[in-house]
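Have a look at the structure below, then the notes.
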Amino acid sequence: MKLKCLIVDDEVLAQDVIEKYISTIPTLNLVGKCDNAIETISFLHNNPVDLLFLDLNMPELSGLDMLKTLTKRPKVLLTTAYSEYALESYEYGVVDYLLKPIKLERFIKAVNKVVEQYSKITITEDIPKEQNAQTIFIKDDQVTYQVNLNDILFIEAYGNYLKIHTKERVYVTRDTLHEMEEKLSNELFLRVHKSFIISLSKIGSISGNRIFINQLEIPVGEMYKLALKKKISKSEN
């Protein structure tokens with residue numbers, strides 16, 4: 001699924017940065033760029049758009065005022081140098097708020113939220129999950145990869161980085177387990193140790209305080225035992 005994106009910003013340099021970031025993510029397809037709100041309203045009237053990268057501070061009509069005029073809104077990621085309108089903006093279906101200058105890591109995290117929302121919508125429309133496998137974006141050595149959640153075996157803390165073990169390879173990315181937990185589904189993944197998150201469907205066996213996935217041994221921390229026991233009991237019922 002490719003999301004059709006529109007950039008709305010009156011600054012050319014800001015447009016260029018977002019366009020560059022969009023080009024690194026395979027599921028995003030840039031369909032246009034607009035310099036002001038009036039032009040944007042006209043574009044949206046004639047072109048389907050899934051995701052709007054919207055600057056708040058523009059001449060004549062602000063981004064927030066423009067959102068108020070739309071009866072049918074695409075998903076919106078706000079891009080601005082000011083944060084005072086953040087709370088009000090969430091009343092209009094804004095998914096996330098990106099403060100300029102925007103870092104690629106923060107951009108990817110925001111896009112992940114949009115992709116997750118569209119994935120949930122698709123699944124509720126009774127389309128088989130196999131055809132709409134959820135994904136996350138992972139930056140490894142300056143390259144951004146789209147990784148299928150079904151391919152992840154487990155995730156391991158590695159200093160200031162994470163090792164994401166998949167069926168095919170291990171990705172190393174700068175992130176924390178806490179931040180990764182927020183990106184992952186609680187139904188599919190579970191933290192079992194201060195240094196490990198596992199894919200529940202990939203568990204081969206459990207022996208005492210050890211979980212085995214593809215013959216790899218993962219420890220279970222004392223404070224995580226109860227949560228694991230509840231997950232196992234729930235799946236057995």
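The values are calculated or read from the model by the stated rules, or taken from the named source; none is laboratory data. Computed from a predicted structure; not experimentally measured. Cβ sites come from the backbone with ideal geometry, for glycine too, and all protein chains shown count toward neighbours. Accessible surface is based on the protein model in full, side chains and every heavy atom, while ligands, DNA and RNA are left aside. Shrake-Rupley method; radii C 1.70, N 1.55, O 1.52, S 1.80 Å.
The rows are residues; the columns are (1) within 26 Å of residue 138 (Cα to Cα); (2) hydrophobic (A, V, I, L, M, F, W, C).
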position	(1), (2)
183	yes, no
190	yes, yes
215	yes, no
233	no, no
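Just one of the listed residues (39, 60) is over 18 Å from the mean Cα position of the chain (by Cα) and in a helix (DSSP H, G or I), and it is 39. Taken over segment 200-211, the criterion of being assigned to a loop (DSSP other than H, G, I, E, B) and either buried (at least 16 other Cβ atoms within 10 Å of the Cβ) or of a type in the set (Phe, Trp, Tyr) (or both) is satisfied by 203 alone.
Among residues of segment 109-121 that are among the polar types (S, T, N, Q) and open to solvent by less than 40 Å² (accessible area, probe 1.4 Å), those with a Cβ under 6 angstrom from a residue that is in a helix (DSSP H, G or I) and modelled with pLDDT of 80 or more, sequence gap 6+ or separate chain, pair up as 112/183.
Among residues of segment 170-199 being at pLDDT below 90 and more than 24 Å from residue 226 (Cβ to Cβ), the one that is least open to solvent (accessible area, probe 1.4 Å) is 175. Determine if segment 98-105 includes at least one residue that is at pLDDT 90 or above, surrounded by 17 or more Cβ atoms within 10 Å (Cβ to Cβ), among the aliphatic types (A, V, I, L, M) and more than 23 Å from residue 181 (Cα to Cα). There is no residue in segment 98-105 that is at pLDDT 90 or above, surrounded by 17 or more Cβ atoms within 10 Å (Cβ to Cβ), among the aliphatic types (A, V, I, L, M) and more than 23 Å from residue 181 (Cα to Cα). For segment 57-65, the condition holds for at least one residue, the condition being that it is at pLDDT below 90, closer than 21 Å to residue 117 by Cβ and open to solvent by less than 20 Å² (accessible area, probe 1.4 Å).
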